Amino acid sequence: MKTWKSIGILSVILLLVTTALGACSTNNKENDEEGELETTKLTLVGVRDAQISSQQIIADKLGYFKDEGLEVTNQLIESGPDMLGMIAGGSAPVSFQTNFGDFIMASNGVKVKIVAPLAQIAGTQAVVAGKNTVVNSPKDFEGKTIGIPSGADVMIAIDNMAKEYGVDKDKIKLVNIAPSDAVTALDKGQIDFMACWEPWITKGIAMGGKFMFSGTKSEIPGAEGDVSWMSVHTTIQVTDDYLSENPNTIKAVLRALEKATDYINEHREDAVKLLAPELHLEEAELTEIMNRNAYSMEVDDAFVNQSNGQAVFDYEMKQGNIKSIPPYSDYIDLSLFKEISPDKIKAEFK
């Protein structure tokens, strides 16, 4: 008798729990349809860098995240490469870096997805000549020394410049050197060129160096103009688990970043004033750096080709960063961005 009574009580409890879970499931579905945020508090991990986190900082300072009902903590790290370890280790579920890092992580089994591009930053991957280095044509790179960090992506631009103008790369000496040290070495004449990224490019020019070329622009005598020697984009990425659990929250983040992107393009001087203290740069210096970037969240051919291009994969395999080529679906999911901004999808991944 006692046993049956216990079973009867247990059945009632199970019925109540099942009913409650069903109600929760229905409510969650309704919340999803209504766009209710799954969570309002989150940390966004970026880099103290104008290429990586400008929109992230602006959206916070101008209250765009708050307008979307979000309470955001911006965490800015000093070294971009450290981001990969943070994502893999689970301490950066929502982060900002470059799309190169995403397919590198995907090839190593890290479950993370690009949810939108933020900027084309190939203009800040550049080569600067020393003040006493004579360059009259691309062939003058032969016999010279370039100081460049080992494995730096700017090597893609150097390779493509050399290929287009018949420069013998075997006649160029590459020296492994950090960007901060390269500025000093260039000033002292210890290297002929430095190849790296901002803010070091602008710092090298400020010390008397001469801009030669980037991934998007050339000032090499006899080869001036717009070029397509490299493409690299800043992206926002989200770990798979966080993305599946918080789609409406991520859409809110993307809407705030769109507003920040528009502000940067429409109010550049004001944006510089807001960003300079956070990025620890002088306003004049930051203006030059930002002018080398193209802040846009459009998914265009350049983004698609560079995020899923054989040439880039070949380069990363040569560098030892990837062992196999992952399918784009392993590291890109633009579905949420497409929901809120279908007009910005100008090209499709295939």
Which of ASP240, ASP192, ASP140 ends up with the largest GNM mean-square fluctuation for the chain, with Cα atoms connected below 10 Å? ASP140
Report the relative contact order of the chain, percent, no decimals, based on alpha-carbon pairs under 8 angstrom and at least 6 residues apart. 25
PRE reach from SER137 (point 7 Å along Cα→Cβ): which of the stretch 155-179 fall under 13 Å by backbone N? 165-168
Taking θ = phi - 60°, what integer Hz values does the Karplus form 6.51 cos²θ - 1.76 cosθ + 1.60 yield along the stretch 131-145, in sequence order, with x for Gly and Pro? 5, 9, 7, 9, 10, 10, 6, x, 4, 6, 6, 5, x, 9, 10
By the Cα gyration tensor axes a ≥ b ≥ c (a/c under 1.5 gives rounded; else a/b larger than b/c gives prolate, otherwise oblate), the shape of the stretch 266-350 is oblate
Which order do GLU339, GLU285, GLU38, GLU266 fall in if you start with the one that has the fewest other Cβ atoms within 10 Å? GLU266, GLU339, GLU38, GLU285
For each of HIS280, HIS233, HIS267, count neighbouring Cβ atoms within 10 Å of the residue's Cβ, then give the residues from fewest to most. HIS280, HIS267, HIS233
What pairs in LYS323/LYS346; LYS113/LYS350; LYS41/LYS113; LYS217/LYS323; LYS111/LYS350; LYS163/LYS318 have C-alpha atoms more than 24 Å from each other? LYS323/LYS346; LYS217/LYS323
Quick one: grab the alpha carbon gyration tensor of the stretch 124-226, order the square roots of its eigenvalues as a ≥ b ≥ c, and give me rounded if a/c is under 1.5, else prolate or oblate depending on whether a/b is larger than b/c. rounded
How about the stretch 144-174: which trypsin sites (Lys or Arg not before Pro) there are in a DSSP loop, with at most 14 other Cβ atoms within 10 Å of their Cβ? none
If you fit an axis through the alpha-carbon atoms of helix 268-279 and take the longest principal axis of the Cα set of the chain, what angle between them do you get, 0 to 90°, nearest 10? 80
Give me the distance between the Cα centres of the stretch 56-78 and the stretch 219-248, rounded to whole Å. 21
Using Cα pairs closer than 8 Å and at least 6 residues apart in sequence, work out the relative contact order for the stretch 124-226, in percent. 44
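FYI, it's all coordinate maths here, none of it is from the lab. All values reported here derive from a predicted model rather than from experimental measurement. A quick note on method: Cβ atoms are made from the backbone with ideal geometry, for glycine too, and the neighbour counts reach across all protein chains shown.
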